[in-house]
Amino acid sequence: MNHRVLARSFHKFQHLNCSVQPKPLQRNGWEAVIGLEIHAQILSASKLFSRTSNKYGAPPNTQVSIFESAHPGTLPVLNKRCVEAAVKTAVALGATINKISRFDRKHYFYPDLPAGYQITQSEFPLASNGKLEFITYNPSVHKLPYRRSVDLIQLQLEEDSGKSIHDTDSNRVLVDLNRAGQPLMELVFGPQLHSGEEAAAMLKEVALILKKIETCNCRMHEGSLRVDANISLHRPGEPLGTRTEVKNLNSLRSLVKAVDFEIERQINILECGGSVINETRSFDTETKETVSMRDKEVIQDYRFMPEPNLLPLRLYDSSELGCDMQGSLDIYEIRSSVPELPEAVRQRLMRDYKLSLETAIIFVNEDDLLAYFLAVMSNRARNPQIVTNLLLTNLLGVLNSKDIHIRNSPLSAAGFGEIVDMQQSGKISPSVSEDVMNVICVDGDPRTPTQIVHDNKWIQISDEDIIEHLVDRVLRENPDLVHKYKQKKKKKFLNALMGKIKATTDFKTNMNLVNDILSKKLDS
């Protein structure tokens, strides 16, 4: 990215005082400060400034036109779809959309950039001053989820460069220009994160939003979402320290490990009396360490200049009174097309179905799982707690054992709803619910859940007279357990008696009723 923009953003947040729970993690009095730059490839059939195909996985150098290969006299033509996607993303991130933005040339000389410059937006980006709210939640690290927010400094459009492939066996560098000219959105966020887990949580939220609004597929393994992490240390209350930049992180796991390793590396340097060098580093996925690429002590002169072959990009907002409608796109129209965003969905799940935040996070993180839940809950008489427990614990457990994704579940949402209705009404026990799921998902039985329950005589015994008779018999046959319970009032003796009742009816008894009747008789 433009180092002047980054320098401004770090300076802007040097004295930021975020109210965060939990407090920023400190090691030996050092506090880590992390800022992310995200490069998101726009979902578009063609490139940013030409009609060249943008297909992933094509043979090398087959997705290249005369523009990407920098033939003399070729001119850029801005892709309207890419502008719409960038505006939509800016709206979703609460950014201010600049009615006039400008393209620049950023000069540097690598073999994968035939023109010798990249067309980007530097001083006058498409949008700025947004804010992202996100939740950090990793049960293995934090017992409870906590909310964070980070500022979006700017969002800019730019073209990607090609790819250099280093053939060490033949001691040569190969160039694939398929990626050259691909449309990117660069999202520059403020340095307000404090750990690798927070960085991963923020990136995950960005990915959820971009996929929801369909502006990027966020397939990190394909390179459509790449992250640069800027990491520095300081003592609380002091200015930010010298930062390092870890480039091209292409997975959540790599992001966490790279950030946390870099924090420890910088602490070790500072604790030993050394100084952190302002440099660019990469992450070695085999050694799980960051490796120096080049230092930044001498600022590279990119010789930014306005792109002479592109007019300033002008937008308008038809919702504003007296607006100038001379722009190329209507911001209001694009804003109106933005769907319900992940945080709004989480809030709706908690409000409408009384789900916990942790459960809402699980559903929102998985589109197919959320769709299944909502399909089951189309019958609002169903208890969301029963649905959630059966879905997340029982059904997913069965499907995972067979390596089946929820979207391919042999048990449809309608069939699952039948099981919920039978359990909720007391016709079947929770254990029978799981048995029915196994019959359908493991055995491949084509019968409906209702048919399976009736054919196997799995209807739960809920008649109070029958249950009272069973309780009386078990009490007569087990005087020792009754005596021990009356003496010590320990739950294990009550559970032992309940287990005997359950066994005598082949696990078909309504154990809630059994517990009520048995407890009353024992305490009387």
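The values are calculated or read from the model by the stated rules, or taken from the named source; none is laboratory data. Keep in mind that this is a model prediction, so the values were computed, not measured. Because the Cβ atoms are built from the backbone with ideal geometry, glycine has one as well, and the counts that use them run over all protein chains shown.
When you scan region 125-159, how many residues do you find that are at pLDDT 95 or above and not in a strand (DSSP E or B)?
Residues that pass the stated criteria total 2.
Hey, Pro76 hits all of (1) in contact with an Asp or Glu (Cβ under 8 Å, 6 or more places away or on another chain); (2) surrounded by fewer than 16 Cβ atoms within 10 Å (Cβ to Cβ) but one; which does it fall short on?
Of everything listed in (1) in contact with an Asp or Glu (Cβ under 8 Å, 6 or more places away or on another chain); (2) surrounded by fewer than 16 Cβ atoms within 10 Å (Cβ to Cβ), Pro76 misses just condition (2).
Out of all the residues in region 5-19, is one or more modelled with pLDDT of 50 or more, part of a loop (DSSP other than H, G, I, E, B) and either in the same structural domain as Lys88 (by TED's automatic domain parsing) or among the polar types (S, T, N, Q) (or both)? Walk me through how you get there before you give the answer.
First, the residues of region 5-19 that are modelled with pLDDT of 50 or more: none.
No, that holds for no residue.
When residues of region 386-430 are filtered for being in contact (Cβ under 8 Å) with a residue 60 or more places away in the chain and surrounded by 16 or more Cβ atoms within 10 Å (Cβ to Cβ), how many remain? Show your work before the answer.
We begin by selecting, within region 386-430, every residue in contact (Cβ under 8 Å) with a residue 60 or more places away in the chain; these are 426, 429.
Within this subset, residues satisfying the condition of being surrounded by 16 or more Cβ atoms within 10 Å (Cβ to Cβ) are 429.
Of the residues in that region, 1 qualify.
Can you run down the residue pairs with Cβ atoms below 9 Å, 6 or more apart or on separate chains, where the first is in region 275-292 and not assigned by TED's automatic domain parsing to the domain that holds Asn230 and the partner is loosely packed, with under 15 Cβ neighbours inside 10 Å and modelled with pLDDT of 95 or more?
Note: no pairs meet the criteria.
Output the number of residues of region 256-265 satisfying the condition of being charged (D, E, K, R), farther than 14 Å from Ser232 by Cβ and surrounded by 23 or more Cβ atoms within 10 Å (Cβ to Cβ).
Number of matching residues: 0.
Given the structure, is Glu366 closer than 27 Å to Glu133 by Cβ, touching a residue at least 24 places away in the same chain (Cβ under 8 Å) and touching a strand residue (DSSP E or B) at 6+ places or on another chain (Cβ under 9 Å)?
No.
Identify the single condition in (1) exposed (fewer than 15 other Cβ atoms within 10 Å of the Cβ); (2) touching a residue at least 60 places away in the same chain (Cβ under 8 Å) that Asn456 does not satisfy, given that it satisfies every other one.
(2)
State all residues of region 37-59 that are touching a Cys at 6+ places or on another chain (Cβ under 8 Å) and either outside any loop (DSSP other than H, G, I, E, B) or surrounded by fewer than 23 Cβ atoms within 10 Å (Cβ to Cβ) (or both); if no residue qualifies, say none. Write out each step before concluding.
Initially, region 37-59 is screened for residues touching a Cys at 6+ places or on another chain (Cβ under 8 Å), giving 40-44, 48.
Of everything in region 37-59, those that are touching a Cys at 6+ places or on another chain (Cβ under 8 Å) and either outside any loop (DSSP other than H, G, I, E, B) or surrounded by fewer than 23 Cβ atoms within 10 Å (Cβ to Cβ) (or both) turn out to be Ala40, Gln41, Leu43, Ser44.
Give Ser524, Ser431, Ser519 a once-over and let me know the one that is under 30 Å from Ser401 (Cα atoms) and of a type outside the set (Lys, Arg). Working first, answer last.
Working: Ser524 fails: under 30 Å from Ser401 (Cα atoms); Ser519 fails: under 30 Å from Ser401 (Cα atoms).
Answer to the check: Ser431.
I'd like to know if region 79-91 contains one or more residues that are assigned to a loop (DSSP other than H, G, I, E, B) and under 30 Å from the mean Cα position of the chain (by Cα). Steps first, answer last, please.
Applying the first criterion (assigned to a loop (DSSP other than H, G, I, E, B)) to region 79-91 yields 79.
Add one more test, that the residue is under 30 Å from the mean Cα position of the chain (by Cα), and what stays is 79.
Yes - at least one qualifying residue is present in region 79-91.
Glu477 fails exactly one of the following numbered conditions: (1) within 29 Å of Gln385 (Cβ to Cβ); (2) surrounded by fewer than 16 Cβ atoms within 10 Å (Cβ to Cβ). What is the number of that condition?
Against the list (1) within 29 Å of Gln385 (Cβ to Cβ); (2) surrounded by fewer than 16 Cβ atoms within 10 Å (Cβ to Cβ), Glu477 comes up short only on (1).
Determine the pairs where a residue that is crowded, with 24+ Cβ neighbours inside 10 Å, located within region 205-216, has a partner that is among the basic types (Lys, Arg) with Cβ atoms under 7 Å apart, the partner being 6 or more residues away or on another chain.
Sorted first by the residue in region 205-216, then by its partner, the pairs are Thr215/Lys88.
Please find, within region 220-255, the residue that is farthest from Ala90 (Cα to Cα) out of those that are touching a residue at least 60 places away in the same chain (Cβ under 8 Å) and surrounded by fewer than 16 Cβ atoms within 10 Å (Cβ to Cβ).
Arg235
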